[in-house]
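S.K.: Questions regarding the structure given below will be posed in turn.
The values are calculated or read from the model by the stated rules, or taken from the named source; none is laboratory data. Given the structure is predicted, the values throughout are model-derived calculations rather than measurements. Using ideal geometry, Cβ is built from the backbone for each residue, glycine included, and neighbour counts are taken over all protein chains shown.
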Amino acid sequence: MRDGEAIVQARALTVVQLVPALEAGGAERSTLEIARALVADGHRSIVVSSGGRLVDRLLAEGSEHVTLPIGRKSLASLAQVPKLRALFRRERADIVHARSRMPAWLGWLALRGLSPRPRFVTTAHGLNSPGRYSAIMARGERVICVSNTVRDYQLRHYPRTNPSNLVVIPRGVDPEEFPYGYQPDGSWREWFFAEFAPLAGAPLLTLPGRGTRLKGHADAIELVAALKARGIDTRLLLLGARQAEREAYVAELEQLAASRGVADRVVISAQRDDARDIYAISTLILQLSNKPESFGRTVIEALSLCRPVLGYDYGGVGELLTDLYPAGRVPPLDRERLVERAAELLRYAPAIGPLQSYRLADMQAATLALYRELVRHD
C-alpha cells in the first residue's frame, strides 16, 4: 500500500459503470477490464447495460449486472432516469462512470439533486460528432481520454471544459494475452494455411477491422498491387471485414482486387477468435484508416507480440507509432510513401522490444487511482 492511500483503502468503493450493451467493442472491453480490477482490489463493481453476450463473463469475474435499456437514442429512455437514481441511492454508489453518450445523459440526469451525490466520471472512447448531444462526455468531474488525440479533440470542440478535468489514460494490452515473441504451434499454422490457401507462400500483410470504408481496405489492396508491380510478392488478409449486411462493400473490395490483378493474393474474412495467432504469423500489421481514430488497440497488440505495424501517422494510431515504432509511420493517405515504407519494412524491420507502457495493468491502476482521488476529496 502506497503512502496516502491507507484512509481510502480502509473502505471498499462501489463503482457503477454505465454502458449501452455488453456485446463487443472497445468501450465494452474496457468496462470488463475495470470491473475485473475493482473486484481484485476488494471493491464492489456494478455494471448497468441492456445486456449481451459478455454479461456471463462479467458475472463470473465477480461483478454485478443490472439490466436497463440505457443505450437507445430516444426520449423514451428518460424513463430510466428514476430507476438509475434509485439504484445509485440504494447501492450507495461512490462513483458513476459513463462510457457512452446516452448512458452519460441518463446518469447525469439521475445524479441531479441526489444527496449524497456520487462522483461522475466519463470516458471519451472516440471522436464523436461534436454538438450538444456529444457534449455530455465533457461534463464528467473527470473525463478520461483514451489518447492525447481525444483530449485535444475535447478541448477544441468544448472549449469551456476545464483542462485539469481531462485525464489521459490510454487503453492497455495484457502481455499474458499477447506475449512477446509468441508464435502459434505448427499444427495451427498448418491448419490455417490449408483453410486459407491463397495466403501461403509469401509475406502476410494483415489489416484488422470491420467492414467499413473507414478502415482503409482499398488502400491495403492498392498496396499489394503496387508491391506486385515492383516484383515484391505479398499476401493480404482483411481480417473482420466480411460482415452481415456489408455484402455490397465486400463485393466492391473483391472487384477492386480483381481489377488490380491481385484477387489471388487477397482474402477477406469474418471476425475470428484466433486474431492473436494471425497477428503473430503476419509479417506486417496494417492500420490504414482514412480518418484519424481515437486510439488503435491493434497497434499495441501487434507490437506486444513483436510484430511490426505500418500505419498512417495521425490520430491515436500516429501517437502510438510515434511513441513505440516510428519506423511504421507514413504520412496520412500518402499511398506512394506507403508503398515505399512497406518495401523497406519487408526488407528490414527495426527490432521491437517488450512493451514498457500501454499495458493493461497500467490502465487499470490509473483508473482506480482516479476513483480514489475523487472520493478522497469528498
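S.K.: Using the structure shown, decide if P354 is surrounded by fewer than 21 Cβ atoms within 10 Å (Cβ to Cβ) and in contact with a Phe, Trp or Tyr (Cβ under 7 Å, 6 or more places away or on another chain).
M.R.: Answer is yes for this residue.
S.K.: While we're here: Being without any contact (Cβ under 8 Å) to a residue 60 or more places away in the chain, part of a strand (DSSP E or B) and over 19 Å from the mean Cα position of the chain (by Cα) is the filter here; which residues of segment 106-135 pass it?
M.R.: F120
S.K.: Sticking with this one: Looking at segment 297-324, which of its residues are out of contact with any helix residue (DSSP H, G or I) (no Cβ under 6 Å at 6 or more places or on another chain), not in a helix (DSSP H, G or I) and not acidic (D, E)?
M.R.: C306, Y312, Y314 - these are the residues of segment 297-324 that are out of contact with any helix residue (DSSP H, G or I) (no Cβ under 6 Å at 6 or more places or on another chain), not in a helix (DSSP H, G or I) and not acidic (D, E).
S.K.: Being out of contact with any strand residue (DSSP E or B) (no Cβ under 9 Å at 6 or more places or on another chain) and either in contact (Cβ under 8 Å) with a residue 40 or more places away in the chain or closer than 22 Å to D334 by Cβ (or both) is the filter here; which residues of segment 269-304 pass it?
M.R.: D274, R276, D277, A280, K291, F295
S.K.: Going by the conditions given, is L305 of a type outside the set (D, E, K, R), buried (at least 20 other Cβ atoms within 10 Å of the Cβ) and over 23 Å from L227 (Cα atoms)?
M.R.: It is true that L305 is of a type outside the set (D, E, K, R), buried (at least 20 other Cβ atoms within 10 Å of the Cβ) and over 23 Å from L227 (Cα atoms).
S.K.: Right, next: Could you check, for segment 188-208, whether at least one of its residues is under 26 Å from P292 (Cβ atoms) and among the aromatic types (F, W, Y)?
M.R.: Within segment 188-208, not a single residue is under 26 Å from P292 (Cβ atoms) and among the aromatic types (F, W, Y).
S.K.: Considering every residue within segment 288-296, establish whether at least one is assigned to a loop (DSSP other than H, G, I, E, B), acidic (D, E), assigned by TED's automatic domain parsing to the domain that holds L207 and touching a Gly at 6+ places or on another chain (Cβ under 7 Å).
M.R.: Yes, the conditions are met somewhere in segment 288-296.
S.K.: From (1) under 25 Å from R171 (Cβ atoms); (2) surrounded by fewer than 22 Cβ atoms within 10 Å (Cβ to Cβ); (3) β-branched (V, I, T), pick out the condition that doesn't hold for I285.
M.R.: Failed condition: (2).
S.K.: If L109 satisfies every condition in (1) buried (at least 20 other Cβ atoms within 10 Å of the Cβ); (2) more than 26 Å from V317 (Cα to Cα); (3) touching a helix residue (DSSP H, G or I) at 6+ places or on another chain (Cβ under 6 Å); (4) not charged (D, E, K, R) but one, which is the exception?
M.R.: Status for L109: all satisfied but (1).
Table: residues versus (1) surrounded by 13 or more Cβ atoms within 10 Å (Cβ to Cβ); (2) at pLDDT 95 or above.
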site	(1), (2)
R151	yes, yes
I169	yes, yes
F178	yes, yes
D185	no, no
L207	yes, yes
R213	yes, no
A220	yes, yes
I232	yes, yes
G240	yes, no
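S.K.: I need a count of the residues in segment 55-90 that are buried (at least 16 other Cβ atoms within 10 Å of the Cβ), of a type in the set (A, V, I, L, M) and at pLDDT below 95.
M.R.: 0
S.K.: Among the residues of segment 75-90, is there at least one that is in a loop (DSSP other than H, G, I, E, B) and among the basic types (K, R)?
M.R.: Within segment 75-90 (the criterion being in a loop (DSSP other than H, G, I, E, B) and among the basic types (K, R)), the answer is no, since none of the residues qualifies.
S.K.: Out of the residues in segment 136-145 meeting the condition of being assigned to a helix (DSSP H, G or I) and in contact with a Ser or Thr (Cβ under 7 Å, 6 or more places away or on another chain), tell me which one is surrounded by the most Cβ atoms within 10 Å (Cβ to Cβ).
M.R.: M137
S.K.: Looking only at segment 91-105, count every residue that is assigned to a loop (DSSP other than H, G, I, E, B) and of a type in the set (G, A, S) and tell me the total.
M.R.: Total satisfying the criteria: 2.
S.K.: Let me ask another. Checking the structure you have, find out if any residue of segment 313-336 is touching a residue at least 60 places away in the same chain (Cβ under 8 Å), of a type in the set (D, E, K, R), surrounded by 19 or more Cβ atoms within 10 Å (Cβ to Cβ) and within 16 Å of L236 (Cα to Cα).
M.R.: No, segment 313-336 has no match at all.
S.K.: Oh, and also: For residues that are hydroxyl-bearing (S, T, Y), farther than 18 Å from T367 by Cα and outside any loop (DSSP other than H, G, I, E, B), tally how many sit in segment 38-65.
M.R.: Result for segment 38-65: 1.
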